[in-house]
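The values are calculated or read from the model by the stated rules, or taken from the named source; none is laboratory data. Since we're looking at a predicted model, the values are computed, not measured. All Cβ positions, glycine included, derive from the backbone under ideal geometry; neighbour counts span all protein chains shown.
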Amino acid sequence: MSKKKQPWFPPPALPCTGVESHAHLDGKHFLNDLEEVLARARAAGVSQIGQIFLSPAAWAKHRERFAAHPEVFFLMGIHPTDAHEFTPDILDAVRETLRLDSRIKAVGEIGLDYYWKECPPATQKVFFADQLKMAREFHMPVVIHCRDAEEDTLAILKEEGLYGYPLLWHCFGGDRELAGRILDAGWHISVPGTVTFPSNTALREAVAFIPEDRLLVETDCPYLAPVPYRGKRNEPSYLGYTIQAIAEARKEPVDALWTRCGDNARRFFGL
């Protein structure tokens, strides 16, 4: 029996000025239809896509899949849940990859994750600090992953002198108070499709509070698909639903906000 095709709900019509700041397109979820996914993104107004590589091995294995797509730029970092596999050789490999590939525009996603229990917080903290030092060594922006670890994440960023440094808080899901602390540190915030979930009032209130020059959007695909695809595989073309929810929360025109968030991403990543 053939697999049932995912229904298609046309996203809002948008100019081709948006940027997908955070996507995982190198895994099994996009093994069979990457070209179609990238074509749909372009048709939906996504002009550039930030592809995350979570290891030098993933970069080496999958970077050629994007060789014909200059609109895709790269980010590189070791995820906190993989920090228990850390060795100095891995950090050296990340450093060498940053030297080799000019398509890598930021170090990330890196940070702390206390939701998953496989990797002890103490191990995560050491590896997080080491990667922050590396980002500063290369004068590259940082993209943060933080789950159930806000206080420790903020403390380490302060200890490592990252306040005022180019930093993007990826997949923000907090409230206005946390957004304020991030903004006070001079950083940017990227909002995912969870802003479309009906119960997520606190996030929509926070989104309305973010200054217009510090706001980016992302899918974090294949995860966190927005309504009307919640629970399904996410992809960059669905960003239109996210920006529509954000525009409603901010009481702004969708097209102008879409372009402005794209401009913020281009400026942040140096695209």
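Worth a mention:
- No other residue among ILE52, ILE110, ILE78, ILE90 is part of a loop (DSSP other than H, G, I, E, B) and within 19 Å of LEU132 (Cβ to Cβ) apart from ILE78.
- Residues being over 25 Å from HIS139 (Cβ atoms) and under 16 Å from the mean Cα position of the chain (by Cα) - total across region 180-206: 5
- Count of residues meeting criterion [surrounded by fewer than 20 Cβ atoms within 10 Å (Cβ to Cβ), among the small types (Gly, Ala, Ser) and at pLDDT 95 or above] in region 17-42: 1
- Taking the criterion of being touching a Pro at 6+ places or on another chain (Cβ under 8 Å) and surrounded by fewer than 20 Cβ atoms within 10 Å (Cβ to Cβ), the only residue of region 106-134 that qualifies is TYR114.
- Residue within region 212-226 that is among the small types (Gly, Ala, Ser), at pLDDT 95 or above and under 15 Å from TRP169 (Cα atoms) present: no
- Inside region 25-49, residues that are assigned to a helix (DSSP H, G or I), of a type in the set (D, E, K, R) and in contact with a helix residue (DSSP H, G or I) (Cβ under 9 Å, 6 or more places away or on another chain) make up a count of 2.
- Number of residues in region 68-105 that are small (Gly, Ala, Ser), surrounded by fewer than 18 Cβ atoms within 10 Å (Cβ to Cβ) and either in contact with a Cys (Cβ under 9 Å, 6 or more places away or on another chain) or touching a residue at least 40 places away in the same chain (Cβ under 8 Å) (or both): the value is 0.
- Count of residues meeting criterion [under 18 Å from VAL107 (Cβ atoms), of a type in the set (Asp, Glu) and surrounded by 14 or more Cβ atoms within 10 Å (Cβ to Cβ)] in region 135-182: 1
- Each residue in region 135-190 was checked for being in contact with a helix residue (DSSP H, G or I) (Cβ under 9 Å, 6 or more places away or on another chain), farther than 17 Å from ILE52 by Cβ and among the charged types (D, E, K, R), and 9 pass.
- Top-ranked residue of region 183-234 - restricted to ones that are β-branched (Val, Ile, Thr), assigned to a loop (DSSP other than H, G, I, E, B) and touching a Pro at 6+ places or on another chain (Cβ under 9 Å), ranked as surrounded by the most Cβ atoms within 10 Å (Cβ to Cβ): THR219
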